[in-house]
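**Student:** My questions all concern the structure below.
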């Protein structure tokens, strides 16, 4: 059955683009990591195209590994703290949503609840928290740990963390502010609630000293292909970021997560599955491929080894490019995303040389990349959308702003011609534009249930 909704689109942001050689592109601003102008331009272009949001990826640590490779790759180095960044960008935009990554392993729930509540107020209802538990050892070294906590412990803490944040966001009922100058009463004391949470990982009294936000509460984004990750997504997430190599695999993931939502009393429409795709577009296939070749040809071999090794959480330094992938260096289990690890493992087992695999990964990023004409890109997106393997896409542009500009100029008109993408925003908040509802305040729901 044909869908009656439209694609959701978000711009994924590393400072210079998803490809580590993006900063070498002649159209990039080499000083862009430390000035607002570059990322404000990305936000403005995304908003003018009526994208749903700008997604700011992050890790609370400098990358570690081959020093020579890292010195050539600023993808995850020298970048703004995301919550500060989106606050600044929100003040200079009107409709674009902002998704920022913050880890449950290295914040306290009260901090996150208060910060995102403030951002949602300041932006007029355009804030989204990308919930992560972190997935690299180097993050722990900055937070009084000797590495990364075990996966099960991180998820256990993360689930309780989310529950506490949700409880704090419900502190003020939506109509708690009376603002009655005549009586001198600012808020209704009976509509402010103390959480008094006492759990395994957190003790948080509350209440949050911030009123209900324009969205009721900020949107929640999450990525995670493990069993625990899918269950948490079904219970709490409203945007799910996935990376899958085929329409069949992502369709199965789509159904797996959405079919779990009913037991939590949630509608499947309130979760948008948005695979990340690397997009290279040109007016001709040859032009699109030339853009790919420029970046890959400028990708230093040390950077390629580091990029692939970082994803796989293994050291590939010194490995020969013209030989098959050294299987002895492949970990048996991932520390981070199980789904992403399995995706690339499939490619490795096909027996490609390390050099070929690096090139493939740089272009396809575990199979989710597409290079082609506007029609070919639109065909890909329409097929996934109509097959319900995706509700939209997080666009991982190889270089910024050039790849974003290309997509807006060439692909967006084709999507609109097909009736797949909006011409104007539906509302003023991120929830309204995504077409997702606001979870009810628990205290209001409890009172109504008792009447």
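**Student:** In segment 252-259, is there at least one residue being over 19 Å from the mean Cα position of the chain (by Cα) and over 30 Å from residue 440 (Cβ atoms)? I'd like the intermediate steps shown before the answer.
**Tutor:** Initially, segment 252-259 is screened for residues over 19 Å from the mean Cα position of the chain (by Cα), giving 252, 255-256, 259.
Filter once more, so that each one left must be over 30 Å from residue 440 (Cβ atoms): 252.
Scanning segment 252-259, I find at least one residue that is over 19 Å from the mean Cα position of the chain (by Cα) and over 30 Å from residue 440 (Cβ atoms), so the answer is yes.
**Student:** Name every residue in segment 144-155 that is under 23 Å from the mean Cα position of the chain (by Cα) and either modelled with pLDDT under 70 or part of a loop (DSSP other than H, G, I, E, B) (or both), in order of residue number.
**Tutor:** Initially, segment 144-155 is screened for residues under 23 Å from the mean Cα position of the chain (by Cα), giving 148-155.
Hits for segment 144-155 are 148, 149, 150.
**Student:** Are there helices (runs of 4 or more DSSP H) fully within segment 58-130 with at least 1 residues that are over 20 Å from residue 143 (Cβ atoms) and in contact with a strand residue (DSSP E or B) (Cβ under 9 Å, 6 or more places away or on another chain)? List them. Spell out the reasoning first.
**Tutor:** Values: elements: 67-70, 82-90, 109-123.
Fully inside segment 58-130 and qualifying: 82-90, 109-123.
**Student:** All but one of (1) in a helix (DSSP H, G or I); (2) surrounded by fewer than 20 Cβ atoms within 10 Å (Cβ to Cβ); (3) modelled with pLDDT of 95 or more hold for residue 228; state the number of the condition that does not hold.
**Tutor:** (3) is the only condition that residue 228 fails.
**Student:** Could you grab me the full set of residues in segment 282-316 that are more than 29 Å from the chain's Cα centre (by Cα) and in a loop (DSSP other than H, G, I, E, B)?
**Tutor:** 284
**Student:** What about residue 295, is it surrounded by 19 or more Cβ atoms within 10 Å (Cβ to Cβ) and over 30 Å from residue 434 (Cβ atoms)?
**Tutor:** On the way: surrounded by 19 or more Cβ atoms within 10 Å (Cβ to Cβ): yes; over 30 Å from residue 434 (Cβ atoms): yes.
Judged against the criteria, residue 295 is a match.
**Student:** For segment 401-451, list the helices (runs of 4 or more DSSP H) that sit wholly inside it and hold at least 3 residues that are in contact (Cβ under 8 Å) with a residue 60 or more places away in the chain and within 18 Å of residue 55 (Cβ to Cβ); which are they? Spell out how you get there, then give the answer.
**Tutor:** Details: elements: 402-410, 412-417, 430-434, 442-450.
Ranges flagged: 402-410, 430-434.
**Student:** Looking only at segment 324-376, which residues are modelled with pLDDT of 80 or more, part of a loop (DSSP other than H, G, I, E, B) and under 17 Å from residue 277 (Cα atoms)?
**Tutor:** 373
**Student:** Could you grab me the full set of residues in segment 29-49 that are modelled with pLDDT under 95, in contact with a helix residue (DSSP H, G or I) (Cβ under 9 Å, 6 or more places away or on another chain) and assigned to a loop (DSSP other than H, G, I, E, B)?
**Tutor:** 29, 30, 31
**Student:** How many residues does segment 209-224 contain that are in contact with a strand residue (DSSP E or B) (Cβ under 7 Å, 6 or more places away or on another chain) and in a loop (DSSP other than H, G, I, E, B)? Walk me through it before giving the result.
**Tutor:** Taking segment 209-224 first, the residues in contact with a strand residue (DSSP E or B) (Cβ under 7 Å, 6 or more places away or on another chain) are 211-212, 218-223.
Within this subset, residues satisfying the condition of being in a loop (DSSP other than H, G, I, E, B) are 211-212, 218, 223.
So the count comes out to 4.
**Student:** With respect to the numbered conditions (1) surrounded by fewer than 22 Cβ atoms within 10 Å (Cβ to Cβ); (2) at pLDDT 95 or above, which one is the sole condition not fulfilled by residue 113?
**Tutor:** It is condition (1) that residue 113 fails.
**Student:** Same structure again: Between residues in segment 92-108 that are on the phi < 0 side of the Ramachandran plot and surrounded by 18 or more Cβ atoms within 10 Å (Cβ to Cβ) and residues that are at pLDDT 95 or above and assigned to a loop (DSSP other than H, G, I, E, B), which pairs lie under 6 Å by C-beta distance while being six or more apart or on different chains?
**Tutor:** Short answer, once both residue conditions are applied: 95/425; 97/52; 97/126; 98/126.
**Student:** Can residue 276 be described as assigned to a helix (DSSP H, G or I), surrounded by 19 or more Cβ atoms within 10 Å (Cβ to Cβ) and in contact (Cβ under 8 Å) with a residue 40 or more places away in the chain?
**Tutor:** Values: assigned to a helix (DSSP H, G or I): no; surrounded by 19 or more Cβ atoms within 10 Å (Cβ to Cβ): yes; in contact (Cβ under 8 Å) with a residue 40 or more places away in the chain: yes.
When the stated conditions are applied, residue 276 does not pass them.
**Student:** Residue by residue through segment 4-28, note down the ones that are more than 19 Å from the chain's Cα centre (by Cα), crowded, with 17+ Cβ neighbours inside 10 Å and not in a helix (DSSP H, G or I).
**Tutor:** 6, 21, 25, 28
**Student:** A further question on this structure: Identify, please: which residue in segment 244-271 is surrounded by 24 or more Cβ atoms within 10 Å (Cβ to Cβ) and outside any helix (DSSP H, G or I) and is, among those, modelled with the lowest pLDDT?
**Tutor:** 244
**Student:** Would you be able to say whether some residue in segment 37-52 is farther than 30 Å from residue 160 by Cβ and without any contact (Cβ under 8 Å) to a residue 12 or more places away in the chain? Lay out the reasoning, then the answer.
**Tutor:** Filtering segment 37-52 down to residues farther than 30 Å from residue 160 by Cβ leaves 37-51.
So of that shortlist, the ones also without any contact (Cβ under 8 Å) to a residue 12 or more places away in the chain come out as 37.
Yes, that holds for at least one residue.
The values are calculated or read from the model by the stated rules, or taken from the named source; none is laboratory data. Since we're looking at a predicted model, the values are computed, not measured. Quick reminder, even Gly has a Cβ in these numbers, built from the backbone with ideal geometry, and neighbours come from all protein chains shown.
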